[in-house]
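Encoded as structure tokens, the structure appears first; notes follow it.
Read-outs throughout are calculated quantities, based only on the coordinates presented, and are distinct from any laboratory measurement. Just so it is clear, the model here is predicted, and its values are computed rather than measured. All Cβ positions, even for glycine, are placed from backbone atoms using ideal geometry, and neighbour counts span all protein chains on display.
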Protein chains: 4
Amino acid sequence: MFIYSQAANDSDTVSRKVSKVLAQGKTKFQEYLFFDSTIHGTCIALDGDIQSCASDEALYHEALVHPAMLAHPNPKTVLIMGGGEGATAREVLRHTSVEHVIMVDIDREFVELCKQHIPSWGARAFSDPRLDLRFQDIDLYLETCRHTFDVVIGDLIDIQDWNSPAATLYSQGFYQRLQKHMSDNAILATQAGPLVAGQLDGHNHIRTTLLSSFEHVASYGHVIPSFYHLWGYTIASKNAFANEAPDIYKQYVHRAKERNLDLHATGIPALSSAFALPYSITNQLN
Amino acid sequence: MFIYSQAANDSDTVSRKVSKVLAQGKTKFQEYLFFDSTIHGTCIALDGDIQSCASDEALYHEALVHPAMLAHPNPKTVLIMGGGEGATAREVLRHTSVEHVIMVDIDREFVELCKQHIPSWGARAFSDPRLDLRFQDIDLYLETCRHTFDVVIGDLIDIQDWNSPAATLYSQGFYQRLQKHMSDNAILATQAGPLVAGQLDGHNHIRTTLLSSFEHVASYGHVIPSFYHLWGYTIASKNAFANEAPDIYKQYVHRAKERNLDLHATGIPALSSAFALPYSITNQLN
Amino acid sequence: MFIYSQAANDSDTVSRKVSKVLAQGKTKFQEYLFFDSTIHGTCIALDGDIQSCASDEALYHEALVHPAMLAHPNPKTVLIMGGGEGATAREVLRHTSVEHVIMVDIDREFVELCKQHIPSWGARAFSDPRLDLRFQDIDLYLETCRHTFDVVIGDLIDIQDWNSPAATLYSQGFYQRLQKHMSDNAILATQAGPLVAGQLDGHNHIRTTLLSSFEHVASYGHVIPSFYHLWGYTIASKNAFANEAPDIYKQYVHRAKERNLDLHATGIPALSSAFALPYSITNQLN
Amino acid sequence: MFIYSQAANDSDTVSRKVSKVLAQGKTKFQEYLFFDSTIHGTCIALDGDIQSCASDEALYHEALVHPAMLAHPNPKTVLIMGGGEGATAREVLRHTSVEHVIMVDIDREFVELCKQHIPSWGARAFSDPRLDLRFQDIDLYLETCRHTFDVVIGDLIDIQDWNSPAATLYSQGFYQRLQKHMSDNAILATQAGPLVAGQLDGHNHIRTTLLSSFEHVASYGHVIPSFYHLWGYTIASKNAFANEAPDIYKQYVHRAKERNLDLHATGIPALSSAFALPYSITNQLN
């Protein structure tokens, strides 16, 4: 029997039964695994970290995309950094206000593998004329980019992988360069590792980096069952944004209606509650 | 190296390093393990299921106790079913309104082991004169019980263990007998297994059972990191109670202040958001 | 990280790191896995049981084939039952006395997979004009078979898999039918599961079955490191054969020289000692 | 469920179910675990390495002791280095020729734990008046030792643990000091780690060290099922000793009879065959 095994932290390991290995190899940038788990459907791991599983990728991607999109009054131009599965773009494009999405992923081969092995995840996005998909280093892309973005979504691999091409994308310099391409009330959202008391180094590193470039930074979390953790995200902006439950709720309901947005997996009650983290975590955030 | 291993579901297993085995054996009623994990502190397992770990038992017990206690305007008499570690009683007794707590746990030997191996968890409770601790079958106890309770807390082992003495405590008959000892606006809360889409049989069994006896039943969840799941709880009452985020929040803040209750691990924002479950779960609740 | 995990017995499990999954699927007859392990090279599992690994398949196949071949004074016609990897045939064909080898394996698709993924194992055999390879149920084959064999080698999957097509091949009826195709001093050898005191049910089942058809039956064992057990084999004949160390040694040396046979992995000292099992095992053989 | 997990090599890990943890802690010298496995009985691990299990400790200790004892024509004075369980002494004392056994183990606390948790293993030895048990560093002991030994048995923990107090006991200097206390035809035997092709560094290190002090060194192996490896031993002497199967067999039979020695677990056929290692191993010995 094949088992996919991944450390959850220094002490614990989660092992999952693999019913079928779909693809295993190395692109120019990263090692990939695509496999089926009876309980999670098709799962994708990059450099030894589960990225998404079919059973709950909608939770992960809705929680990544919609708080930032709904925090902005009228997002038209959106930048996606990474997001090779196509599911982040799919969620962004559900907002009818959106006119132009630029998705920059360094790894063309990985995106091709996703189109082959998880075609349903990104199909609607990849065929949407509003999507402009570029295979490029995001930092190089920004050098020549002439756009100003309303929302930026970072769907990069987890920060613990310091050897990955994504490591510099969590640096202060990068966010300062990025900010030049963000409109004044633009919102940045990024996945930000597990939210577990005592294991917040990765998440706090992202917070520190963002706090050096943005005046307003908020953390929120959503359980992604196949990750076996409360998963952390951060949202950041030069300007203030709603981040307390009752206010968020009203704003989200109003804007979702405006944009004809119907959430399937998370829901506005769950997303607007996602900022109410327990003290055991907030006490340890920097 | 010793490892504590437990299935999370049909596919996945969580293995945790054991730095020290403290106690292992069988009482008249159940098999117990007390062990230290570097990352979770002392952990307790009964019949192969982790019950609580020092690192986050406060999350588990606060989330179990306070929503029910705060949903009641003035809880004076409280019944705890199970709760051998003493931590459930500890949380109940933090409400200054409480005059009398009857804790009924069938397993005296397990409670003694808890006093020995995790003395700090229940110390304040076991020495509190308001606590009346009885080692008895809860169903037998109710036969002769003359009290009427404002709040009942079920801290019993998980429903998957059908051979455990706790199995009948999840039956309709039991809740009907119990209800005779509950005042009209009394609130029942019980832990109710993991809240994971596709794995809700246990949780739904409890809901069905409660719905047959109580008019109002609500589910809520809180992440307990050492359980590796969003953990489910249910709250039930003959009368309606607040269970939408903004109302709950105001009510909880007001009553907590009245009772001088200061939450350390969860917090009122987190607890009042705990009812806002994602659609992926609410769609599968019965 | 992928891990291949297999129970060694009711208590213990061996997990091995998988560096690359080569093939995984189901033929008409069995489930197969081909994967690379850094330490064992390419490994093959059928129905959840490791069959052979590149690092020590030579040990396994030499120990299976040569004792029977060397116990016969002049083996010309040989039947191989199973043996899809081609390595059993390769070892048989190294005896220059051999004129005709009939290999009957029910699973054509598995043999094709072996040719693709482990070509070096069976190459010499599959191209040898003395090999007659048939994809057929061995029992059906015997019905119309006109040959009489000097040596019969059973390289079938392990007896614990009672649902496998090989299960009937371990029955008394089968061996009685087979015997009609064996010359008077013909020798039968078969792999016979792990030789571990307290876990000899599988091995003893084969012994019982063979003892009902053959007057002389002997067990021997060879360590196959990637199996993590002393592996058992049985040899059987109507006539007596040498099975005590000094006699075997002389006979093997003499016949190996005659047939120009040079053992690479095991060696005649190791093979002639393989019958000297410890009392902890012989005490439990039936 | 508790599991005892130990790496077999860089790739593979063996996990065994633990039915009961008996003792776990740290003496002045080493970390110990005593636990029950349903399949192996009580097992002992030191510094993370299984030392012996009840199910096959007789195999391990017979294979360690008797080849050296039977290679000597009349062993009267025997030195045991380590051997805290008492089982090595037990086997040595079964030779009626033996008059005086000095057992030097550095770890008094570990020996006490063995007497408590596995009393039957060493009982006969610890109460035998011929046994002289000293808790001392063996190297210090030798400085003042006035004895000359016929047989020396090294039952020390495995060489992979370079931080253990036993590491220097595998050095050339030590064996040269030891040799001064050995009679001319004295025999040394020591356990020497797993005998697995491609993983012979530990075993070869011992061979190199012994070859620098003794003219004759031979390796042999015996399967110890609970170790999941062919286990290696070395025997060394200034003078030649029988180490080919037929000669050994005759010598062992003769001397065992003389000394009224009856082997229960291994047997003289198995022990005299133990030197016939496969070429896959002998090709890699230095």
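Within 10 Å of the Cβ of each residue in B:225-235, the mean number of Cβ atoms contributed by other protein chains is 3. Taken about its Cα centre, segment B:2-53 carries a charge dipole of about 260 debye when Lys and Arg each add +1 at the Cβ and Asp and Glu each add -1 at the Cβ. Each of the GluC sites (Glu not before Pro) that DSSP puts in a loop and that has at most 15 other Cβ atoms within 10 Å breaks chain C; the longest unbroken stretch is C:100-214. Just to be sure I understand the curve: with the Debye formula and one point per C-alpha of chain B, what is log10 I(q)/I(0) at q = 0.09, 0.10, 0.12, 0.14 Å⁻¹? Debye curve over Cα of chain B, log10 I(q)/I(0) at q = 0.09, 0.10, 0.12, 0.14 Å⁻¹: -0.39, -0.48, -0.72, -1.01. For segment B:40-108, the residue among B:Pro73, B:Gly84, B:Met103 whose Cα projects farthest onto the positive side of the dipole built from Cβ charges is B:Pro73. Of the trypsin sites (Lys or Arg not before Pro) found in segment A:99-156, those in coil by DSSP whose Cβ has at most 10 other Cβ atoms within 10 Å are A:Arg146. If only the Cβ of Lys and Arg carry +1 and only the Cβ of Asp and Glu carry -1, the dipole of the protein assembly as shown around its Cα centre is close to 0 debye. Between A:Ser120 and A:Glu258, full extension at 0.36 nm per residue minus the direct alpha carbon distance yields a gain of 47.0 nm.
With a ≥ b ≥ c the root eigenvalues of the C-alpha gyration tensor of segment B:141-227, is it rounded (a/c under 1.5), prolate (a/b larger than b/c) or oblate? In terms of gyration-tensor shape, prolate. For the residues of C:57-66, the average number of beta carbons from a partner chain within 10 Å of their own beta carbon is 1. Sort out for me the Cα centre separation of segment C:1-33 from segment C:259-284, rounded to whole Å. Result: 29 Å between the Cα centres. Highest mobility in the GNM of chain B, judged by mean-square fluctuation with C-alpha springs under 10 Å and restricted to B:Pro75, B:Pro225, B:Pro67, is found for B:Pro225. In a DSSP loop and with at most 16 other Cβ atoms within 10 Å, the chymotrypsin sites (Phe, Trp or Tyr not before Pro) in segment C:71-149 are C:Phe135. Taking a ≥ b ≥ c as the square roots of the Cα gyration tensor eigenvalues, segment A:2-53 comes out oblate, since a/c reaches at least 1.5 and a/b does not exceed b/c.
Per residue, the convex hull spanned by the Cα atoms of the protein assembly as shown measures out at 201 cubic angstrom.
In terms of other Cβ atoms within 10 Å, B:Leu178, A:Leu64 run from fewest to most in the order B:Leu178, A:Leu64. Using every pair of separate Cα atoms, the Kirkwood estimate puts the hydrodynamic radius of segment C:155-284 at 15.7 angstrom. Counting Cβ atoms of other protein chains within 10 Å of each Cβ in D:37-44 and taking the mean gives 2.
For the protein assembly as shown, the antiparallel share of DSSP beta bridges with both residues in that region comes to about 70%. Between the beta carbons of A:Glu31 and A:Gln136, assuming R0 = 22 Å, the FRET efficiency works out to 0.60 to the nearest 0.05.
Dipole orientation for chain A: of the candidates A:Val151, A:Ser219, A:Ile118, A:Val151 has the Cα lying most toward the positive pole (charges on Cβ; Lys, Arg +1; Asp, Glu -1).
Phi-derived couplings, Karplus 6.51 cos²θ - 1.76 cosθ + 1.60 at θ = phi - 60°, listed residue by residue for segment C:224-238: 10, x, 6, 8, 6, 8, 6, 8, x, 9, 10, 10, 8, 7, 5 Hz, with x used for Gly and Pro.
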